[in-house]
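Trainee: The structure is given below, and queries will be raised subsequently.
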Amino acid sequence: EFTKTPAEGGKVVDENGEEKAKEEEGCTHFKLPGPVAAAELEPVAGSTRIAFGGDENDVKIFDLAKNEIVWKAKNMPNDFLELRIPLKISTVHWATHAAPAKSVIIVGTRDGKIRAYDTTLQKRPLFDMIIGYKMGKGTGGYTGSEDVQARPVKCATVHQTKNGQWSYFAGNTLGVLREFSMSKLEKFETAKIRPGTKRHWIWAEQQFPMRRAYRNITGSIRSIDVHSSGQALVAVGLGRFAYIFDTGKTNLISKVYLKQKLCSVLLSSDAYDVNKILGGSSKKDEDSDDEEPKPEDEEEGQVDGDEAENDVDDVQEGFSDDEGEAAAEEEDEQEQQELDEEEGILMKQQNKKAAKIAKAKKAGAKAKSKGKATKATKTGKSSKEGQAPKTKLKKKKPLKKASTTPEAAAAGQDGAQPTKKRKLPKGKAKAQKKAKQ
(Lines give C-alpha, C1' and ligand atoms only; values in the text may rest on other atoms or scores of the structure.)
Protein backbone atom coordinates (compact mmCIF):
# COMPACT_ATOMS: atom_id res chain seq x y z
CA GLU A 1 0.00 0.00 0.00
CA PHE A 2 1.46 3.33 -1.11
CA THR A 3 0.82 6.98 -0.22
CA LYS A 4 -1.49 9.35 -2.02
CA THR A 5 -1.07 10.48 -5.63
CA PRO A 6 0.63 13.80 -6.43
CA ALA A 7 -1.45 16.94 -6.66
CA GLU A 8 -1.48 19.39 -9.54
CA GLY A 9 1.78 21.15 -10.22
CA GLY A 10 3.90 18.05 -9.51
CA LYS A 11 3.99 18.61 -5.73
CA VAL A 12 3.79 15.52 -3.54
CA VAL A 13 1.24 15.69 -0.73
CA ASP A 14 0.32 13.36 2.10
CA GLU A 15 -3.11 12.24 3.35
CA ASN A 16 -3.71 15.56 5.14
CA GLY A 17 -2.95 17.57 1.98
CA GLU A 18 0.35 18.94 3.30
CA GLU A 19 3.44 19.06 1.14
CA LYS A 20 6.14 16.47 1.59
CA ALA A 21 9.79 17.14 2.31
CA LYS A 22 12.00 18.45 -0.49
CA GLU A 23 14.01 15.25 -0.67
CA GLU A 24 10.89 13.38 -1.80
CA GLU A 25 10.04 15.83 -4.56
CA GLY A 26 10.02 14.28 -8.01
CA CYS A 27 8.86 10.88 -6.66
CA THR A 28 5.32 9.83 -7.53
CA HIS A 29 3.33 7.87 -4.95
CA PHE A 30 0.21 5.84 -5.66
CA LYS A 31 -2.35 4.34 -3.35
CA LEU A 32 -3.35 0.75 -4.19
CA PRO A 33 -5.85 -1.50 -2.40
CA GLY A 34 -3.87 -3.88 -0.21
CA PRO A 35 -2.47 -6.19 0.83
CA VAL A 36 -0.06 -6.35 -2.12
CA ALA A 37 2.03 -9.57 -2.23
CA ALA A 38 3.41 -9.08 -5.74
CA ALA A 39 3.34 -6.48 -8.52
CA GLU A 40 4.93 -6.23 -11.97
CA LEU A 41 5.02 -3.63 -14.72
CA GLU A 42 3.94 -4.84 -18.16
CA PRO A 43 7.16 -5.63 -20.13
CA VAL A 44 6.20 -3.55 -23.17
CA ALA A 45 7.91 -0.37 -24.26
CA GLY A 46 5.95 2.66 -23.08
CA SER A 47 3.45 0.65 -21.04
CA THR A 48 2.11 2.19 -17.83
CA ARG A 49 0.08 -0.79 -16.58
CA ILE A 50 0.95 -2.60 -13.34
CA ALA A 51 -0.57 -5.96 -12.37
CA PHE A 52 -0.74 -6.70 -8.63
CA GLY A 53 -2.50 -8.91 -6.10
CA GLY A 54 -2.28 -10.47 -2.64
CA ASP A 55 -4.16 -12.35 0.08
CA GLU A 56 -7.90 -11.91 -0.46
CA ASN A 57 -6.98 -9.25 -3.02
CA ASP A 58 -7.64 -10.58 -6.50
CA VAL A 59 -5.55 -9.60 -9.52
CA LYS A 60 -5.97 -6.00 -10.65
CA ILE A 61 -4.36 -3.77 -13.29
CA PHE A 62 -3.48 -0.19 -12.33
CA ASP A 63 -2.76 2.38 -15.04
CA LEU A 64 -0.13 4.88 -13.90
CA ALA A 65 -1.05 7.41 -16.60
CA LYS A 66 -4.76 7.39 -15.80
CA ASN A 67 -4.14 6.92 -12.05
CA GLU A 68 -6.94 4.37 -11.72
CA ILE A 69 -7.65 0.65 -11.71
CA VAL A 70 -8.40 -0.40 -15.28
CA TRP A 71 -9.20 -4.10 -14.86
CA LYS A 72 -10.35 -6.33 -11.98
CA ALA A 73 -10.38 -10.13 -11.92
CA LYS A 74 -13.21 -12.28 -10.57
CA ASN A 75 -12.75 -15.24 -8.29
CA MET A 76 -13.32 -18.83 -9.35
CA PRO A 77 -16.86 -20.21 -9.03
CA ASN A 78 -17.79 -21.99 -5.82
CA ASP A 79 -16.64 -25.58 -5.42
CA PHE A 80 -18.89 -28.66 -5.47
CA LEU A 81 -19.87 -27.95 -1.84
CA GLU A 82 -20.89 -24.41 -2.85
CA LEU A 83 -18.08 -22.97 -0.72
CA ARG A 84 -16.09 -19.91 -1.72
CA ILE A 85 -12.52 -20.58 -2.92
CA PRO A 86 -10.02 -18.48 -0.90
CA LEU A 87 -7.63 -16.06 -2.62
CA LYS A 88 -3.95 -16.62 -1.72
CA ILE A 89 -1.97 -14.86 -4.46
CA SER A 90 1.82 -14.86 -3.97
CA THR A 91 3.33 -14.13 -7.43
CA VAL A 92 2.11 -12.10 -10.44
CA HIS A 93 3.84 -12.12 -13.86
CA TRP A 94 3.01 -10.90 -17.33
CA ALA A 95 3.33 -13.27 -20.32
CA THR A 96 3.01 -10.65 -23.06
CA HIS A 97 6.15 -11.66 -24.98
CA ALA A 98 5.07 -15.31 -25.07
CA ALA A 99 1.67 -14.36 -26.57
CA PRO A 100 1.84 -10.89 -28.16
CA ALA A 101 -1.72 -11.14 -29.50
CA LYS A 102 -3.11 -11.55 -25.98
CA SER A 103 -2.71 -9.91 -22.60
CA VAL A 104 -2.00 -12.88 -20.33
CA ILE A 105 -1.16 -12.77 -16.61
CA ILE A 106 0.09 -15.90 -14.80
CA VAL A 107 -0.39 -16.08 -11.04
CA GLY A 108 1.04 -18.40 -8.38
CA THR A 109 -0.74 -18.99 -5.07
CA ARG A 110 0.16 -20.01 -1.53
CA ASP A 111 -1.95 -23.16 -1.82
CA GLY A 112 0.22 -24.62 -4.61
CA LYS A 113 -1.79 -23.56 -7.67
CA ILE A 114 -1.20 -21.70 -10.94
CA ARG A 115 -3.86 -19.55 -12.59
CA ALA A 116 -3.83 -17.85 -15.98
CA TYR A 117 -5.86 -14.71 -16.82
CA ASP A 118 -6.54 -13.24 -20.27
CA THR A 119 -7.57 -9.63 -19.72
CA THR A 120 -8.88 -9.31 -23.31
CA LEU A 121 -11.16 -12.35 -23.03
CA GLN A 122 -12.70 -12.58 -19.55
CA LYS A 123 -12.28 -11.70 -15.89
CA ARG A 124 -12.27 -15.21 -14.47
CA PRO A 125 -9.15 -17.44 -14.75
CA LEU A 126 -8.74 -19.55 -17.86
CA PHE A 127 -7.75 -22.50 -15.68
CA ASP A 128 -6.91 -23.35 -12.08
CA MET A 129 -4.11 -25.94 -12.03
CA ILE A 130 -2.74 -27.84 -9.02
CA ILE A 131 1.06 -28.10 -9.25
CA GLY A 132 2.27 -31.70 -9.32
CA TYR A 133 -1.14 -33.32 -9.76
CA LYS A 134 -0.63 -37.11 -10.23
CA MET A 135 3.18 -36.76 -10.04
CA GLY A 136 3.86 -35.68 -6.45
CA LYS A 137 2.99 -32.23 -5.17
CA GLY A 138 6.19 -31.92 -3.18
CA THR A 139 8.52 -33.33 -5.84
CA GLY A 140 9.51 -32.62 -9.39
CA GLY A 141 8.16 -35.88 -10.71
CA TYR A 142 11.53 -37.64 -10.37
CA THR A 143 10.59 -39.50 -7.14
CA GLY A 144 7.76 -41.88 -6.36
CA SER A 145 6.64 -40.05 -3.24
CA GLU A 146 3.62 -37.78 -3.13
CA ASP A 147 3.16 -34.93 -0.68
CA VAL A 148 -0.44 -34.39 0.37
CA GLN A 149 0.26 -30.90 1.72
CA ALA A 150 0.26 -28.10 -0.87
CA ARG A 151 3.50 -26.11 -0.95
CA PRO A 152 3.33 -22.32 -1.53
CA VAL A 153 4.77 -20.82 -4.71
CA LYS A 154 7.20 -18.26 -3.27
CA CYS A 155 8.87 -17.09 -6.50
CA ALA A 156 8.40 -17.34 -10.25
CA THR A 157 9.54 -15.81 -13.52
CA VAL A 158 8.69 -15.86 -17.23
CA HIS A 159 11.69 -16.05 -19.55
CA GLN A 160 12.91 -17.37 -22.87
CA THR A 161 15.32 -20.32 -22.84
CA LYS A 162 18.25 -20.94 -25.16
CA ASN A 163 16.04 -22.97 -27.54
CA GLY A 164 13.89 -19.90 -28.17
CA GLN A 165 10.95 -21.33 -26.21
CA TRP A 166 9.17 -19.42 -23.48
CA SER A 167 8.91 -21.05 -20.07
CA TYR A 168 7.41 -20.35 -16.68
CA PHE A 169 9.73 -21.13 -13.74
CA ALA A 170 8.24 -21.63 -10.28
CA GLY A 171 9.89 -22.50 -6.94
CA ASN A 172 8.24 -23.51 -3.67
CA THR A 173 9.17 -23.73 0.02
CA LEU A 174 10.36 -27.35 -0.30
CA GLY A 175 13.22 -26.51 -2.68
CA VAL A 176 11.47 -27.85 -5.79
CA LEU A 177 12.04 -25.79 -8.93
CA ARG A 178 9.87 -26.60 -11.96
CA GLU A 179 9.78 -25.36 -15.52
CA PHE A 180 6.45 -25.25 -17.40
CA SER A 181 6.00 -24.99 -21.15
CA MET A 182 4.12 -21.99 -22.58
CA SER A 183 3.91 -23.27 -26.14
CA LYS A 184 0.10 -23.50 -26.02
CA LEU A 185 -0.37 -20.04 -24.52
CA GLU A 186 -1.61 -18.41 -27.73
CA LYS A 187 -4.34 -21.07 -28.09
CA PHE A 188 -5.70 -20.71 -24.55
CA GLU A 189 -9.48 -20.70 -24.34
CA THR A 190 -12.04 -20.72 -21.60
CA ALA A 191 -12.24 -24.05 -19.79
CA LYS A 192 -15.39 -25.97 -20.70
CA ILE A 193 -14.99 -28.18 -17.63
CA ARG A 194 -16.06 -26.95 -14.20
CA PRO A 195 -13.03 -25.84 -12.13
CA GLY A 196 -12.19 -27.74 -8.96
CA THR A 197 -12.75 -31.19 -10.49
CA LYS A 198 -10.26 -33.88 -11.50
CA ARG A 199 -11.17 -33.55 -15.16
CA HIS A 200 -10.39 -29.82 -15.01
CA TRP A 201 -6.99 -30.43 -13.37
CA ILE A 202 -6.06 -33.01 -16.04
CA TRP A 203 -7.13 -30.61 -18.81
CA ALA A 204 -5.15 -27.75 -17.22
CA GLU A 205 -1.96 -29.88 -17.12
CA GLN A 206 -2.36 -30.59 -20.82
CA GLN A 207 -2.59 -26.86 -21.54
CA PHE A 208 0.30 -25.92 -19.23
CA PRO A 209 2.56 -29.05 -19.11
CA MET A 210 5.64 -29.38 -16.93
CA ARG A 211 8.81 -29.47 -19.03
CA ARG A 212 11.43 -30.43 -16.43
CA ALA A 213 12.42 -30.12 -12.77
CA TYR A 214 15.74 -28.96 -11.26
CA ARG A 215 17.22 -31.05 -8.43
CA ASN A 216 19.74 -30.73 -5.60
CA ILE A 217 18.27 -27.57 -4.03
CA THR A 218 17.96 -27.45 -0.26
CA GLY A 219 15.75 -25.01 1.58
CA SER A 220 12.98 -22.70 0.49
CA ILE A 221 13.49 -20.94 -2.86
CA ARG A 222 12.86 -17.19 -2.62
CA SER A 223 14.12 -15.78 -5.94
CA ILE A 224 14.83 -16.96 -9.50
CA ASP A 225 16.51 -15.24 -12.43
CA VAL A 226 17.45 -16.37 -15.94
CA HIS A 227 20.39 -15.09 -17.96
CA SER A 228 19.64 -12.85 -20.94
CA SER A 229 20.90 -15.60 -23.27
CA GLY A 230 18.55 -18.12 -21.67
CA GLN A 231 21.35 -20.63 -21.08
CA ALA A 232 21.74 -20.31 -17.29
CA LEU A 233 19.35 -20.19 -14.37
CA VAL A 234 20.09 -19.02 -10.82
CA ALA A 235 18.02 -19.81 -7.72
CA VAL A 236 18.60 -18.55 -4.15
CA GLY A 237 16.73 -18.95 -0.88
CA LEU A 238 16.91 -19.77 2.79
CA GLY A 239 19.50 -22.52 2.21
CA ARG A 240 22.23 -19.80 1.90
CA PHE A 241 23.42 -21.20 -1.45
CA ALA A 242 23.20 -19.77 -4.97
CA TYR A 243 22.47 -22.62 -7.42
CA ILE A 244 23.43 -22.25 -11.11
CA PHE A 245 21.75 -24.59 -13.62
CA ASP A 246 21.94 -25.22 -17.34
CA THR A 247 18.42 -24.61 -18.68
CA GLY A 248 18.77 -27.15 -21.47
CA LYS A 249 20.04 -30.15 -19.47
CA THR A 250 18.99 -29.30 -15.88
CA ASN A 251 22.59 -29.93 -14.80
CA LEU A 252 23.82 -28.24 -11.62
CA ILE A 253 26.81 -26.33 -12.96
CA SER A 254 27.88 -24.79 -9.66
CA LYS A 255 26.70 -23.66 -6.25
CA VAL A 256 28.16 -20.89 -4.10
CA TYR A 257 27.80 -20.51 -0.32
CA LEU A 258 26.84 -16.89 0.47
CA LYS A 259 26.75 -17.08 4.31
CA GLN A 260 23.24 -15.65 4.86
CA LYS A 261 19.62 -16.25 3.96
CA LEU A 262 18.88 -14.80 0.53
CA CYS A 263 15.69 -13.19 -0.72
CA SER A 264 16.54 -11.89 -4.22
CA VAL A 265 19.00 -12.41 -7.07
CA LEU A 266 19.75 -10.62 -10.34
CA LEU A 267 22.01 -11.83 -13.16
CA SER A 268 24.16 -9.43 -15.17
CA SER A 269 23.99 -9.20 -18.95
CA ASP A 270 27.62 -10.27 -19.42
CA ALA A 271 28.35 -13.04 -21.90
CA TYR A 272 27.67 -16.50 -20.50
CA ASP A 273 30.78 -18.67 -20.15
CA VAL A 274 30.76 -21.99 -18.30
CA ASN A 275 34.54 -22.00 -17.85
CA LYS A 276 34.41 -18.75 -15.90
CA ILE A 277 31.81 -20.20 -13.57
CA LEU A 278 33.86 -23.35 -13.03
CA GLY A 279 37.02 -21.32 -12.40
CA GLY A 280 38.80 -22.22 -15.67
CA SER A 281 39.68 -20.12 -18.69
CA SER A 282 38.84 -20.88 -22.26
CA LYS A 283 41.62 -18.60 -23.62
CA LYS A 284 44.38 -21.07 -22.71
CA ASP A 285 42.73 -23.78 -24.73
CA GLU A 286 42.31 -21.44 -27.69
CA ASP A 287 45.98 -20.35 -27.50
CA SER A 288 47.18 -23.94 -27.35
CA ASP A 289 45.11 -24.80 -30.41
CA ASP A 290 46.38 -21.76 -32.34
CA GLU A 291 50.09 -22.48 -31.72
CA GLU A 292 52.11 -23.06 -34.88
CA PRO A 293 53.89 -26.41 -35.24
CA LYS A 294 57.59 -26.35 -34.43
CA PRO A 295 60.19 -27.16 -37.12
CA GLU A 296 61.67 -30.63 -37.26
CA ASP A 297 65.10 -29.41 -36.10
CA GLU A 298 63.68 -28.04 -32.84
CA GLU A 299 61.60 -31.15 -32.24
CA GLU A 300 64.67 -33.39 -32.57
CA GLY A 301 66.62 -31.23 -30.14
CA GLN A 302 69.03 -29.69 -32.68
CA VAL A 303 69.14 -26.15 -31.26
CA ASP A 304 72.03 -23.71 -31.42
CA GLY A 305 74.07 -23.14 -28.28
CA ASP A 306 73.30 -19.42 -28.04
CA GLU A 307 69.56 -20.07 -28.18
CA ALA A 308 69.82 -22.79 -25.55
CA GLU A 309 71.70 -20.44 -23.20
CA ASN A 310 69.11 -17.67 -23.63
CA ASP A 311 66.16 -19.98 -22.98
CA VAL A 312 65.18 -19.87 -19.33
CA ASP A 313 62.45 -22.00 -17.78
CA ASP A 314 59.73 -20.06 -16.00
CA VAL A 315 59.86 -22.25 -12.91
CA GLN A 316 60.01 -21.16 -9.28
CA GLU A 317 63.11 -21.99 -7.22
CA GLY A 318 62.98 -25.37 -5.57
CA PHE A 319 60.65 -26.88 -8.19
CA SER A 320 61.18 -28.44 -11.57
CA ASP A 321 58.93 -30.01 -14.16
CA ASP A 322 60.99 -33.22 -14.27
CA GLU A 323 60.70 -33.78 -10.54
CA GLY A 324 56.99 -33.14 -10.65
CA GLU A 325 56.53 -35.60 -13.49
CA ALA A 326 58.64 -38.22 -11.70
CA ALA A 327 56.68 -37.77 -8.48
CA ALA A 328 53.40 -38.06 -10.39
CA GLU A 329 54.59 -41.23 -12.09
CA GLU A 330 55.65 -42.73 -8.75
CA GLU A 331 52.26 -41.92 -7.25
CA ASP A 332 50.50 -43.53 -10.21
CA GLU A 333 52.70 -46.65 -9.87
CA GLN A 334 51.97 -46.88 -6.15
CA GLU A 335 48.24 -46.54 -6.74
CA GLN A 336 48.38 -49.19 -9.45
CA GLN A 337 50.30 -51.55 -7.13
CA GLU A 338 47.76 -51.03 -4.35
CA LEU A 339 44.93 -51.74 -6.75
CA ASP A 340 46.67 -54.90 -7.99
CA GLU A 341 47.24 -56.09 -4.41
CA GLU A 342 43.59 -55.49 -3.52
CA GLU A 343 42.48 -57.38 -6.62
CA GLY A 344 44.83 -60.26 -5.74
CA ILE A 345 43.46 -60.46 -2.19
CA LEU A 346 39.89 -60.50 -3.49
CA MET A 347 40.73 -63.25 -5.99
CA LYS A 348 42.32 -65.39 -3.26
CA GLN A 349 39.28 -64.99 -1.04
CA GLN A 350 36.98 -65.95 -3.87
CA ASN A 351 39.09 -69.02 -4.70
CA LYS A 352 39.03 -70.15 -1.04
CA LYS A 353 35.26 -69.82 -0.93
CA ALA A 354 34.89 -71.80 -4.16
CA ALA A 355 37.20 -74.57 -2.81
CA LYS A 356 35.17 -74.82 0.42
CA ILE A 357 31.93 -75.10 -1.53
CA ALA A 358 33.40 -77.84 -3.78
CA LYS A 359 34.63 -79.83 -0.73
CA ALA A 360 31.23 -79.62 0.90
CA LYS A 361 29.56 -80.89 -2.28
CA LYS A 362 31.99 -83.84 -2.51
CA ALA A 363 31.44 -84.77 1.15
CA GLY A 364 27.68 -84.74 0.63
CA ALA A 365 27.95 -86.97 -2.45
CA LYS A 366 30.18 -89.49 -0.57
CA ALA A 367 27.74 -89.65 2.35
CA LYS A 368 24.85 -90.40 0.01
CA SER A 369 26.77 -93.21 -1.75
CA LYS A 370 27.75 -94.79 1.62
CA GLY A 371 24.12 -94.75 2.78
CA LYS A 372 22.97 -96.58 -0.36
CA ALA A 373 25.72 -99.23 0.04
CA THR A 374 24.81 -99.99 3.68
CA LYS A 375 21.14 -100.51 2.73
CA ALA A 376 22.09 -102.93 -0.04
CA THR A 377 24.31 -105.06 2.33
CA LYS A 378 21.53 -105.33 4.93
CA THR A 379 19.02 -106.67 2.42
CA GLY A 380 21.57 -109.27 1.14
CA LYS A 381 22.32 -110.63 4.65
CA SER A 382 18.67 -111.10 5.52
CA SER A 383 18.01 -113.19 2.36
CA LYS A 384 21.05 -115.42 3.01
CA GLU A 385 20.04 -116.24 6.61
CA GLY A 386 16.78 -117.84 5.35
CA GLN A 387 14.39 -115.10 6.19
CA ALA A 388 11.56 -115.22 3.71
CA PRO A 389 11.24 -112.09 1.72
CA LYS A 390 8.11 -110.09 2.15
CA THR A 391 5.33 -111.00 -0.25
CA LYS A 392 2.43 -108.94 -1.37
CA LEU A 393 -0.91 -109.86 0.19
CA LYS A 394 -3.69 -110.64 -2.22
CA LYS A 395 -6.92 -108.85 -1.78
CA LYS A 396 -9.85 -111.05 -0.73
CA LYS A 397 -12.76 -111.15 -3.07
CA PRO A 398 -16.02 -109.89 -1.59
CA LEU A 399 -18.57 -112.59 -0.71
CA LYS A 400 -21.62 -112.92 -2.83
CA LYS A 401 -24.90 -111.99 -1.26
CA ALA A 402 -27.19 -114.91 -0.50
CA SER A 403 -30.23 -115.12 -2.67
CA THR A 404 -33.65 -115.22 -1.05
CA THR A 405 -35.46 -116.97 -3.90
CA PRO A 406 -37.75 -120.00 -3.14
CA GLU A 407 -35.34 -122.33 -5.01
CA ALA A 408 -32.51 -121.36 -2.69
CA ALA A 409 -34.76 -121.94 0.31
CA ALA A 410 -35.61 -125.43 -0.99
CA ALA A 411 -31.94 -126.18 -1.48
CA GLY A 412 -31.37 -125.18 2.12
CA GLN A 413 -33.97 -127.67 3.32
CA ASP A 414 -32.16 -130.43 1.41
CA GLY A 415 -28.99 -129.97 3.45
CA ALA A 416 -27.54 -126.61 2.51
CA GLN A 417 -27.31 -123.96 5.15
CA PRO A 418 -30.11 -121.43 4.79
CA THR A 419 -29.20 -117.80 4.40
CA LYS A 420 -30.42 -115.27 6.85
CA LYS A 421 -33.22 -113.14 5.58
CA ARG A 422 -32.71 -109.41 5.68
CA LYS A 423 -35.26 -107.50 7.65
CA LEU A 424 -37.26 -105.11 5.56
CA PRO A 425 -39.00 -102.01 6.72
CA LYS A 426 -42.60 -102.41 7.77
CA GLY A 427 -44.05 -100.72 4.75
CA LYS A 428 -42.09 -102.84 2.24
CA ALA A 429 -42.82 -106.09 4.15
CA LYS A 430 -46.55 -105.46 4.03
CA ALA A 431 -46.36 -104.64 0.35
CA GLN A 432 -44.57 -107.95 -0.37
CA LYS A 433 -47.13 -109.95 1.62
CA LYS A 434 -49.98 -108.42 -0.31
CA ALA A 435 -48.19 -109.16 -3.58
CA LYS A 436 -47.74 -112.84 -2.61
CA GLN A 437 -51.35 -113.18 -1.62
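Trainee: Within the range 78-100, name every residue whose backbone N is under 19 Å away from a label modeled 7 Å from Cα of residue 199 along the Cβ vector.
Mentor: 78-82
Trainee: Within the accessible area of the range 189-273, what % is carbon and sulfur when the probe is 1.4 Å and the other protein chains stay in place?
Mentor: Working: 2310 of 4740 Å².
Of all accessible area on the range 189-273, carbon and sulfur atoms account for 49 percent.
Trainee: Rounded if a/c is under 1.5, else prolate if a/b beats b/c, else oblate: with a ≥ b ≥ c from the C-alpha gyration tensor eigenvalues square-rooted, which is the range 153-220? Don't skip to the answer; put the middle values down first.
Mentor: On the way: a/c = 2.61, a/b = 1.38, b/c = 1.89.
In terms of gyration-tensor shape, oblate.
Trainee: Then there is this: Rounded to the nearest 0.05, what FRET efficiency is calculated for residue 190 and residue 27 with R0 set to 35 Å and r the Cβ-Cβ distance? Kindly include the intermediate steps, with their values, before the conclusion.
Mentor: Working: r = 41 Å, r/R0 = 1.18.
Once rounded, the FRET efficiency stands at 0.25.
Trainee: Here is a further query. Assuming R0 = 22 Å, what is the FRET efficiency of residue 74 and residue 149, from their Cβ-Cβ distance, to the nearest 0.05?
Mentor: Numbers: r = 28 Å, r/R0 = 1.27.
The value I calculate is 0.20.
Trainee: Further question: Checking the table 66/102; 187/249; 134/192; 113/198; 66/88; 74/187 against a 19 Å threshold on Cα-Cα, which pairs fail? Could the numbers behind the result be given before it?
Mentor: Numbers: 66/102 22 Å; 187/249 27 Å; 134/192 21 Å; 113/198 14 Å; 66/88 28 Å; 74/187 22 Å.
Violating the 19 Å Cα-Cα cut-off are 66/102; 187/249; 134/192; 66/88; 74/187.
Trainee: To continue, here is another question. If you put +1 on each Lys and Arg Cβ and -1 on each Asp and Glu Cβ, how big is the dipole of the range 38-172 around its Cα centre, in Debye rounded to 20?
Mentor: Numbers: 18 positive and 14 negative charges, 32 e Å.
Value, rounded to 20: 160 debye.
Trainee: Next question. Taking amide H atoms as placed 1.01 Å from N in the peptide plane, list the residues 5 or more away in sequence, or in a different chain, whose amide H sits under 5 Å from that of residue 124.
Mentor: 74
Trainee: As I understand it, the dipole of the range 70-210 uses +1 on the Cβ of Lys and Arg and -1 on the Cβ of Asp and Glu, about the Cα centre. Which of 107, 76, 131 lies farthest toward its positive end?
Mentor: Towards the positive end, the residue furthest out is 76.
Trainee: Can you tell me the FRET efficiency between residue 333 and residue 261 if r is taken as the Cβ-Cβ distance and R0 is 51 Å, rounded to the nearest 0.05? Intermediate values should be presented prior to the final figure.
Mentor: On the way: r = 49 Å, r/R0 = 0.97.
Step by step, r from the Cβ atoms, then E = 0.55.
Trainee: Quote to one decimal, in nm, the extra length available between residue 64 and residue 271 on full extension: 0.36 nm per residue of separation minus the C-alpha distance between them.
Mentor: Values: separation 207, 0.36 × 207 = 74.52 nm, distance 3.46 nm.
Difference between extended and current length: 71.1 nm.
The values are calculated or read from the model by the stated rules, or taken from the named source; none is laboratory data. Since the model is a prediction, treat every value here as computed from it, not as a measurement. Because the Cβ atoms are built from the backbone with ideal geometry, glycine has one as well, and the counts that use them run over all protein chains shown. Heavy atoms of the whole protein, side chains included, go into the accessibility calculation; ligands, DNA and RNA do not. Shrake-Rupley method; radii C 1.70, N 1.55, O 1.52, S 1.80 Å.
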